[in-house]
Amino acid sequence: MQIAILSDIHSNVYALQEVIKDIRNRNIEVVLNLGDMFYGPIEPRATYELIRDNKFINICGNQDREILEASLAQLQENPTLKYVYEDLGEEVLYWIQELQFEKIIGGTYYMVHGTYFDDTQYLLEDVSEGTVKLRSDEEIIKLTDNIETPFIFCAHSHLPRIHKLNSGQIVINPGSVGLQAYKEELPTKHKMENNTPDAAYTILTIEDNQYNIEQVRVAYDFEKAALKAEENGREDWAYALRTGKVLEN
């Protein structure tokens, strides 16, 4: 049994295309997508079409939800959100509306974007002091609402991680397909950087009650994505897409 786990595509269809090629070359048929698919100044609608064509198992991320809930005022204040909303169209909004925020598969795999309690909260990382620290096992277990599945898949931080809890459970964050660096103001000012433009995803292989986890990096034509971001007025995204680092003002 092989499973590809991916997340945080953020409208970067160019990165997603190469990740899918890599997955298919390995003959992996099951792909789990942990959300945050469309928000970004690149190609939201094309990203949707590619996801639908490849029949991923999807859940909703916080920014997928925020697109769905966007008010007229928010669209006027945020040109990127307006671009995404208009590019996706009504059909995709209905599709997002049907997505679950968490999913358990076969009693073995738990999919969540952020945490059980809050889709904008990191499951593994504590940023309360402005730096990125790994949470204690007790905190992580509490934030899953004591879910008992052997494997827990989370996202949102864009940082690839594998962490074995003292409960014996394995937590996997596959990193981000589409954006390798960003800065955020909430809950405190912090930044996430992978220091590479390459796309990320994870492969979980289970055979004879043994498991193997491979975190994969995939090169793609990030310049196409960066130019599209610049075209849509997001120099900060363009810099992150080219470098995997945050553009400092």
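Could you tell me whether His163 is outside any loop (DSSP other than H, G, I, E, B), open to solvent by less than 60 Å² (accessible area, probe 1.4 Å), in contact with a strand residue (DSSP E or B) (Cβ under 9 Å, 6 or more places away or on another chain) and not aliphatic (A, V, I, L, M)?
Criteria met by His163.
What pairs come out if I take residues in region 49-65 that are closer than 15 Å to Tyr110 by Cβ and pair them with residues that are open to solvent by 10 Å² or more (accessible area, probe 1.4 Å) and assigned to a strand (DSSP E or B) whose C-beta lies under 8 Å away, six or more apart or interchain?
Listed pairs, sorted by first residue: Ile57/Val30; Ile57/Lys103; Ile57/Ile105; Ile59/Glu102; Ile59/Lys103.
Could you tell me which numbered condition Glu185 fails, if it satisfies all but one of (1) of a type outside the set (Val, Ile, Thr); (2) modelled with pLDDT under 95; (3) surrounded by 15 or more Cβ atoms within 10 Å (Cβ to Cβ)?
(3)
When you go through Tyr39, Tyr110, Tyr85, Tyr94 one by one, which is the residue that is closer than 27 Å to Glu193 by Cβ and of a type in the set (Phe, Trp, Tyr)?
Tyr39
Taking only region 21-46 into account, find how many residues are closer than 13 Å to Ser7 by Cβ and either of a type in the set (Lys, Arg) or in contact with a Ser or Thr (Cβ under 8 Å, 6 or more places away or on another chain) (or both). Talk me through it step by step, then tell me what you get.
Of region 21-46, the ones closer than 13 Å to Ser7 by Cβ are 31-39.
Filter once more, so that each one left must be either of a type in the set (Lys, Arg) or in contact with a Ser or Thr (Cβ under 8 Å, 6 or more places away or on another chain) (or both): 33-39.
Residues in region 21-46 being closer than 13 Å to Ser7 by Cβ and either of a type in the set (Lys, Arg) or in contact with a Ser or Thr (Cβ under 8 Å, 6 or more places away or on another chain) (or both): 7 in total.
Being in contact (Cβ under 8 Å) with a residue 12 or more places away in the chain and open to solvent by 10 Å² or more (accessible area, probe 1.4 Å) is the filter here; which residues of region 196-211 pass it? So that I can check it myself, show each step before the final result.
In the first step, residues of region 196-211 are kept if they are in contact (Cβ under 8 Å) with a residue 12 or more places away in the chain; the result is 196-207, 211.
Thr196, Pro197, Asp198, Thr205, Ile206, Glu207, Tyr211, listed by residue number.
Within the set of pairs 6 or more residues apart or between chains, which connect a residue that is over 10 Å from Pro41 (Cβ atoms) inside region 229-245 to a residue that is modelled with pLDDT of 95 or more and surrounded by fewer than 18 Cβ atoms within 10 Å (Cβ to Cβ) with Cβ atoms less than 6 Å apart?
So the pair list comes out as Gly244/Asn195; Gly244/Thr196; Lys245/Glu193.
What number of residues within region 213-234 satisfy the criterion of being open to solvent by 90 Å² or more (accessible area, probe 1.4 Å) and within 21 Å of the chain's Cα centre (by Cα)?
Going through region 213-234 one residue at a time, the tally reaches 2.
State all residues of region 43-55 that are surrounded by fewer than 17 Cβ atoms within 10 Å (Cβ to Cβ) and within 22 Å of Glu102 (Cβ to Cβ); if no residue qualifies, say none.
Arg52, Asn54, Lys55
Ala15 versus (1) crowded, with 21+ Cβ neighbours inside 10 Å; (2) part of a loop (DSSP other than H, G, I, E, B): which is the lone unmet condition?
(2)
The values are calculated or read from the model by the stated rules, or taken from the named source; none is laboratory data. Just so you know, these numbers come straight off a predicted model, no measurement behind them. Methodologically, a virtual Cβ is constructed for each residue, glycine included, from the backbone with ideal geometry; neighbour enumeration extends over all protein chains shown. Surface areas here come from the heavy atoms of the whole protein model, side chains and all, with no ligands, DNA or RNA. Shrake-Rupley method; radii C 1.70, N 1.55, O 1.52, S 1.80 Å.
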